[in-house]
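Beneath this line is the structure, given in structure tokens, with notes to follow.
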Amino acid sequence: VFCSCESCVDSVFIRPSAACPECGVALRRNLFRLQQFEDSFVEKEVDIRKRILKDYNKSADDFLSLREYNDYLEEVEAIIYNLSNGYDVEETRQRVEQYKRENQALIMRNRARQLRYGQVLSTQLEVERVEQELRNKRALEEEQEVARSRQRQKDSIIDELMHSDRPASDVLRTARHAASAVAKETDTVSTIKKDLTQPTFQGQMDSAVFEPVPSEVGSLYFYQPLLVETHGPGVPDLEELESYGYLSNVRSLEEQHLGSGFVLAYACQRALQEAFSCLLLPPENR
């Protein structure tokens, strides 16, 4: 990838083609483009990737197994890496040319398929853009109509108070009823505007199929305490440890241990459980 300014390009490309000052590759002036990335290596890799993927354009449907498709993707990345970093360039180019000769029909078919997909996608995006503009226009018209309705209501109240013989309380009561109706209309317009201004992505939604979530009905869960067979004497409960005097033989806790919610009786009970375990186990089972 040759990166330079336009004045340097004009001086280098006096003729339609010239050699790259860095790598010596023949370049054509009509293929010159402005650099997009700040790092020239990234620019080079992106350009190589675009050229390689024009020919290596297979999809997962072209393979019999996922393993073959993954091996194909790995081969493509290896080719791009070699050409970008200058490893086995000639051998890699020969491999690319051989692939193009052996898969010319498949390459052209996949290009046509990608072209059709791009055209369908562009058409779909254009249709959604036009529909979105129409929805925005409709929502704006509804909002303007509500604003005009509010203004007409204010003007009618003023005129009624100025020229009517009715009491002001009756006029204001009627105005409040009219205002509540306008408020309901405003809420409806706000809901319509929110719905209309959201993109539809109708093409994607039409092809999506949502199956109902399966519901499993089973029996209710009932808690049963865990029974552990230790083959030994029973361990006292937490409340009995202190009354039996077990805790007096345990080292007292320090202040930093209390902050974490640690209880001394738990450690004492576990120690007793370990000590009593298998004391009553028959000799033939030991």
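The values are calculated or read from the model by the stated rules, or taken from the named source; none is laboratory data. What you are looking at is a predicted structure, and each value in this text was computed from that prediction instead of being measured. Positions of Cβ are backbone-derived with ideal geometry, glycine not excepted, and every protein chain shown enters the neighbour counts. Heads up: the accessible areas ignore ligands, DNA and RNA and are worked out on the full protein's heavy atoms, side chains in. Shrake-Rupley method; radii C 1.70, N 1.55, O 1.52, S 1.80 Å.
Which ³J(HN,Hα) values, rounded to whole Hz and listed in residue order, are derived for segment 68-80 from phi using the Karplus coefficients 6.51, -1.76 and 1.60 in 6.51 cos²θ - 1.76 cosθ + 1.60 with θ = phi - 60°, glycine and proline given as x?
Running phi through 6.51 cos²θ - 1.76 cosθ + 1.60 with θ = phi - 60° gives 5, 5, 5, 5, 5, 5, 5, 5, 4, 5, 5, 5, 5 Hz.
For the residue pair Leu238 and Phe41, what label-to-label distance in nm results when each label sits 7 Å from Cα along the Cα-to-beta-carbon direction?
About 6.0 nm, to one decimal.
Working out 0.36 nm times the residue gap between Asp155 and Ser248, then minus their Cα-Cα distance, what length gain in nm do you get to one decimal?
So the extension gain works out to 24.6 nm.
Would you mind getting the accessible area per residue of segment 111-161, heavy atoms of the protein chains only, 1.4 Å probe, in Å²?
79
Assuming 0.36 nm per residue, please report the length gained on full extension of the stretch Phe276 to Arg173 beyond their Cα-Cα distance.
Taking Phe276 through Arg173 to full extension adds about 28.5 nm, to one decimal.
Quick one: which residues, 5+ away or cross-chain, put their amide H under 5 Å from the amide H of Asn103? H built at 1.01 Å from N.
Result for Asn103 returns nothing.
Quick check for you: which residues of segment 129-156 have the amide N under 20 Å from the point 7 Å beyond the Cα of His163 toward its beta carbon?
149-156
With r as the distance between the Cβ atoms of Leu140 and Asp62 and R0 = 51 Å, compute the FRET efficiency 1/(1 + (r/R0)^6) and round to 0.05.
My answer for the efficiency is 0.55.
Share of segment 84-146's accessible area from carbon and sulfur, percent, 1.4 Å?
52
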